[in-house]
Amino acid sequence: MKIAALILAGGLSRRFGSEDKLLYPLRDRLLIEHVLTAARPVPFDGHFVVTQDPDPKADLARSHGFEIIPIQERDPGQGDSIRIGVTYLLNAGYEGVCILLGDMPFVTQNYLEELLSAASDHTAIFSRAQDRLQPPAIIKMPALYSLTVLRGDEGFLRRFGEADMMLGELALPAEMARDIDRLEDLSDNS
C-alpha cells in the first residue's frame, strides 16, 4: 500500500499576526522546517506539502525533498488543504495519507515511524493527546475518499465515527501535541 506524508501549510496564520508563522524562527530553524526534517527520513512512499506556489514555504519544502501540491484558494481552510492534497494523491495512485500540520514543530521522526508501523492494522490511526484525537493521523482506503469532500475549515476527525471502520490511536506526548497558532505559543521555546 502506497502511503504519502502530506504536510498542510496553506493557511494564512491570521491569529499569529502579520508574519507567516511557518516561516518564523524557532530554535535553530524555521517553524515548518521542524516538521519537514522529522517527516523526510520516514519511509513514506512520497513526501508532499500543500501550500501556495510560488511561495517561500514551497521553496523551502522543495529544498528538503518534498513535492508541492499547489493550493489556489485565496483563504484556504484546513478542509480545503486536505481535500486538494488527498484528491491529488488519490489521482497519483496513493492509497493512504499521513496528515501532518506544518505548525506542529515538536513531532519527532521516531513518533512518525511508530505511527506508520502501527497503521498496518487500521483503516485510520490518530494521535491521542490527553483526551482528544488529532494529527498526525494516517487515513487509508476506503476511508480516504471521505476527505475529498472537505471544505473551508472543516476538520477531518469527525468523519471517522463509523463502527465498521478499523480505527486506532497512538499516544502522542503532550510536548509533541502542541501546535503554534499565536506568537505567545512560542514564548517558552524560542
- Inside the stretch 117-155, the number of residues satisfying the requirement of being within 11 Å of residue 96 (Cβ to Cβ) and touching a Pro at 6+ places or on another chain (Cβ under 7 Å) is 0
- Message: Restricting to the stretch 97-126, name every residue that is small (Gly, Ala, Ser) and touching a helix residue (DSSP H, G or I) at 6+ places or on another chain (Cβ under 7 Å).
- Response: 102, 124
- Find the residue count for the stretch 41-63, including only residues that are surrounded by fewer than 16 Cβ atoms within 10 Å (Cβ to Cβ), touching a residue at least 24 places away in the same chain (Cβ under 8 Å) and in a loop (DSSP other than H, G, I, E, B). 3
- Query: Looking only at residues in the stretch 137-187 that are under 21 Å from residue 9 (Cα atoms), small (Gly, Ala, Ser) and in a loop (DSSP other than H, G, I, E, B), which one is modelled with the highest pLDDT?
  - Reply: 152
- Query: Restricted to the stretch 5-37, and to residues that are of a type in the set (Gly, Ala, Ser) and buried (at least 24 other Cβ atoms within 10 Å of the Cβ), which residue is modelled with the lowest pLDDT?
  - Reply: 11
- Note on the structure: Sole miss for residue 105 among (1) part of a helix (DSSP H, G or I); (2) in contact with a strand residue (DSSP E or B) (Cβ under 7 Å, 6 or more places away or on another chain); (3) under 20 Å from residue 20 (Cα atoms) is condition (1)
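The values are calculated or read from the model by the stated rules, or taken from the named source; none is laboratory data. Owing to the predicted nature of the structure, the values given are computational and were not obtained by experimental measurement. We place every Cβ from the backbone using ideal geometry, glycine too, and count neighbours over all the protein chains shown.
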